[in-house]
Amino acid sequence: MEKKKDQFAKPELVTKIAPASFLYAVFFTFCLYKNASGITYPFYVAGTIGFAVYTIRKSGISWKGEHVLAPAASLLLGVSSCFTDNAKIIAMNKAWLFVLMMYFLLVVCFDTEKWQLGKFLANMFGLFVGSFGKMFTFFPDVQEWAEENKETKNTQALYVLAGAGISIPLIAVVLVMLSSADVIFAESMNAVFGKIDGWDVFCCILWSVAVFFFSYGMASLLEERGLNETVKDRRTGQPVIAISATAVIALIYVYFCVIQVVYLFAGYGTLPEGYTYAQYARQGFFQLLFICLMNLVLVLIGLGFFRQSRVLKGILLVISLCTFVMTASSAYRMLLYISVYQLTFLRIFVLWALFVIALLMAGIIGKTLKNGFPLFRYGLFVITCCYLVLSFSQPDYWIARYNISTYVKQEKESGKPEHAVDTWYLKNLSADAAPVIMTESSVDRYLAYEAEKEKWEKGEAENLYTSFWDVYYIERQKEQADSMTFRSYNFSRGYVRKALSHK
């Protein structure tokens, strides 16, 4: 009796996708396990792009040259990750890489010409979650494939794949056992992989299995076009509602902007008693940042959910133009605040965000004036370009350089700086700041500290270096630099290793 076929099974995916998913899963684990920012990171990104392109081609989908921008930006972010030691930048790199790769898969595999922000976000989420839902479709697919090919030579490919899968835990066990049996072999393995134990072996296998099933599930979802492509016109709301809701807000914004021009930018008018211009200026930039973000949402709602109206468009344009003034006001306040209290990563990020908001508002004005303006693609392009600049700029380097140089300059000019440099913040910066902090004198102090360390730990000498924050910084960076392997080599941490090795 002939066995009934599973109508949902896709046996052709086993030969098209399963081997590539297996190789990608192993490569993914090799590149990223306990290695958030090593030299293998750009190779992982390249491998991810390669797997995506391979999957697309195997599905018979053609893609255009314009689609190459997202993978190119992804590669640049991958390179950035191994050139910085800043944990915040590395985390944001990963988040934006996810957005770019989801976008790339969607625009290549679906008709996204009429999609706007909400549709893209919904389908990015749907692609990610749907891939989990399709993770275990491999089992019915491979069962159906085996039934169809049990009498053919194609079965050998399945056997090879199964054998390769079985070999992974065996190879890992062999490496662990041989490393414990021979010191020289262990050191050579540690130079590449770092110290590995039984738990690491288990985690690596688990990672590889999870990535295999997830990547196979995503390929399966894309193969069947399992996402909704249709776009509904949601601009059905009465414009009178939006006009009455935003008209008063627009008037308040205009009045607020006049005050900013008169008091903050031009310096005219009388301030409240007891206020200096510096005190007045450094108030409210976070509130204004929130208002600017709220205005973005407000204008998008007005354009996306209400029928067209000249009056509504006029009000939204006023709100957009006022947002430029608010953005400038917030940025100016932040710059004045920095001139007194110096730089931090958050303050740099706020300035960056305000610049991006201004560019996005320019796009929203374009959308207000011309309904066919590709706002989502414009916004993605703007954020990607601006973020690439931030990602490669190494903010910690500029923070250390600005804060220290400002303090030194004020000390020379007045003999008493207005504010002391925040050494607690500086000593906790990443290795990106090493070219500024690890001066010749700082390195000499650290080496002297190292020479006396054993004595003062035993109580045989007094620790004279506890007050030197740069010694603490170098000690912390040296520990991280010494723990690098071939896989986890990071260029910022590599600078620390080279600076100390030259002494």
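The values are calculated or read from the model by the stated rules, or taken from the named source; none is laboratory data. Not measured: the values here are computed from a predicted model. Don't worry about glycine lacking a Cβ; one is built from the backbone with ideal geometry, like all the others, and counts go over all protein chains shown. Only protein heavy atoms, including side chains, enter the accessible area calculation; ligands, DNA and RNA are left aside. Shrake-Rupley method; radii C 1.70, N 1.55, O 1.52, S 1.80 Å.
Structure notes:
- Residues located in the range 29-38, provided they are open to solvent by less than 40 Å² (accessible area, probe 1.4 Å) and either hydrophobic (A, V, I, L, M, F, W, C) or at positive phi (or both): 31, 32
- Residue match in the range 87-100 (condition: of a type outside the set (Ser, Thr, Tyr), in a helix (DSSP H, G or I) and more than 15 Å from the chain's Cα centre (by Cα)): no
- Complete set of residues in the range 39-76 that are among the β-branched types (Val, Ile, Thr) and buried (at least 19 other Cβ atoms within 10 Å of the Cβ): 39, 40, 45, 48, 49, 55, 56
- Yes/no for residue 80 being under 19 Å from residue 484 (Cα atoms), of a type in the set (S, T, N, Q) and in a helix (DSSP H, G or I): yes
- From the list 357, 404, the one residue that fits, being closer than 30 Å to residue 71 by Cβ and crowded, with 17+ Cβ neighbours inside 10 Å, is 357.
- Any chance residue 125 is touching a residue at least 24 places away in the same chain (Cβ under 8 Å), part of a helix (DSSP H, G or I) and open to solvent by 40 Å² or more (accessible area, probe 1.4 Å): no
- Condition check for residue 79: at pLDDT 95 or above and crowded, with 22+ Cβ neighbours inside 10 Å: no
- Among the residues of the range 299-317, just one is surrounded by 16 or more Cβ atoms within 10 Å (Cβ to Cβ), within 32 Å of the chain's Cα centre (by Cα) and β-branched (Val, Ile, Thr), namely 299.
- Residues in the range 318-350 that are open to solvent by 40 Å² or more (accessible area, probe 1.4 Å) and either in a loop (DSSP other than H, G, I, E, B) or within 23 Å of residue 410 (Cβ to Cβ) (or both): 332, 335, 336, 337, 339, 341, 346, 347.
- For the range 454-481, the set of residues classified as basic (Lys, Arg) and at pLDDT below 75 consists of 455, 458, listed by residue number.
- Considering 98, 110, the condition of being over 26 Å from residue 348 (Cβ atoms) and among the aromatic types (Phe, Trp, Tyr) is satisfied by 110 alone.
- Restricting 251, 227, 222 to those that are in a loop (DSSP other than H, G, I, E, B) and among the hydrophobic types (A, V, I, L, M, F, W, C) reduces the list to 227.
- When residues of the range 372-395 are limited to those that are in contact with a helix residue (DSSP H, G or I) (Cβ under 8 Å, 6 or more places away or on another chain) and within 23 Å of residue 311 (Cα to Cα), the one most open to solvent (accessible area, probe 1.4 Å): 373
- Single match in 324, 349, 306 (criterion: more than 25 Å from residue 104 (Cβ to Cβ) and in contact with a strand residue (DSSP E or B) (Cβ under 7 Å, 6 or more places away or on another chain)): 306
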